[in-house]
Amino acid sequence: MLKSFEELKKRASKLGEAKTIAIAEADEPAIEAVEEAIKEGIKVKYICAETAQEAVSLVREGKANILMKGKLQTADLLKAVLNKETGISTGRTMSHLTALSLQTYDKLLFFTDAGMNPYPTLEQKKDITQNAIAFLKDLGYSDIKIAALAAVETVNPKMPETFEAAELKYHFEAMENIYFEGPFSMDLAISKEAAEKKGISSRVSGEVDILLVPNIAVGNITCKSLIYLANATMAGIVLGAKAPIILVSRGASSSEKLMSILLALS
């Protein structure tokens, strides 16, 4: 379990061989973030690529280990990533993972998918969840607690996301050291007290690691609300390609891009 980005930084500082980041259409905040990582003692290098295709090619050819978005549009970067002939897609569902550090929560809170798949199908949600599970396992997590978010905690015929959440719970609850709840409202996921008041006992309540959102709108609005109204610090990467992709808003600060680099390095 990671309690903060500071712990993530300590983890990244223990890396052996230096990793190389290919920055597509590099801008000042992206370069500042990588140089700050170097100043912090993180073993990382970078190459500035003029186009998305050039940056993707560097990763594909093994000249870079990580792809990073610069000043270009996300769609332009992903078009190069997904190119069947020259991209770095694996054929699996790719998904965005956001990590938030909040003063009101005692560990990093992960959201998926708040940045890539607009209205994922049930099968895509399985892949999105599996991407996040695999990543947290690589971070060293043993028990992983997940909640599939909805407005209510019961299956409602008028809310398709509640049916899918229940299906996902059935699918993942058989996995060892995975604790999955769904459908789960936000208060039940992040507050054990709220769950107790509603008479619900769950290992996930108040201890959740991953929040699986029903669609990109819910994830995007929730994450940005926490960033701008609750002073949350964020990091964002795309999982499921042949290499990690650092992907945050073009308006993100160099600090947020630094945190995203640390996440990708892990």
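Computed from Cα positions, the angle between helix 122-138 and the longest principal axis of the chain comes to roughly 70 degrees. The residues of region 103-184 expose on average 48 square angstrom of accessible surface per residue, using a 1.4 Å probe on protein heavy atoms. Look at the alpha carbon pairs under 8 Å that are at least 6 residues apart: their mean separation over the length of the chain gives a relative contact order of 24 percent. Relative to the longest principal axis of the chain, what angle (0 to 90°, nearest 10) does the C-alpha long axis of helix 160-172 take? That works out to roughly 80 degrees. The aspartates and glutamates within cross-link reach of LYS198, meaning a Cα-to-Cα straight distance under 18 Å and a gap of 8 or more places when in the same chain, are GLU153, GLU181, ASP187, GLU207.
Please quote Rg/Rh for region 145-227 to two decimal places, taking the Kirkwood radius as Rh and restricting both calculations to Cα atoms. Display every interim value, and only then the final one.
Values: Rg = 12.2 Å, Rh = 12.8 Å.
Using only Cα positions, Rg/Rh for region 145-227 is 0.95.
Under a straight-distance cross-link criterion of Cα-Cα below 20 Å, which lysines are reachable from LYS84, leaving out those fewer than 8 residues away in the same chain? In chain and number order, the partners are LYS63, LYS69, LYS242.
Translational diffusion of the chain was estimated from the Stokes-Einstein equation, with Rh taken as the Kirkwood radius over Cα pairs; at 20 °C and 1.002 mPa s the coefficient is 114 µm²/s.
Roughly to the nearest percent, how much of the accessible area of the chain is carbon and sulfur, given a 1.4 Å probe? C and S fraction of accessible area: 49 percent.
Separation of region 10-83 and region 227-258, taken as the distance between their Cα centroids, equals 13 angstrom. Restricting to Cα pairs below 8 Å that are 6+ residues apart, what does the relative contact order work out to for region 124-266? Please round to a whole percent. Once divided by the residue count of region 124-266, the mean separation gives 21 percent. A Cα-only calculation for region 102-171 places Rg and Dmax at 13.3, 39 Å.
ARG92 sits with roughly 130 Å² accessible to a 1.4 Å probe, with DNA, RNA and ligands left out of the calculation. With a cut-off of 10 Å between beta carbons, the residues surrounding PRO183 carry a summed charge of -3, where Lys and Arg count +1 and Asp and Glu -1. Relative to the longest principal axis of the Cα atoms of the chain, the long axis of helix 28-39 lies at roughly 90 degrees.
The values are calculated or read from the model by the stated rules, or taken from the named source; none is laboratory data. Bear in mind the structure is a predicted one, so any value in this text is a computation, not a measurement. Backbone-built Cβ (ideal geometry, glycine too); neighbour counts: all protein chains shown. To get the accessible areas, we keep the full protein, side chains included, count just its heavy atoms, and leave off ligands, DNA and RNA. Shrake-Rupley method; radii C 1.70, N 1.55, O 1.52, S 1.80 Å.
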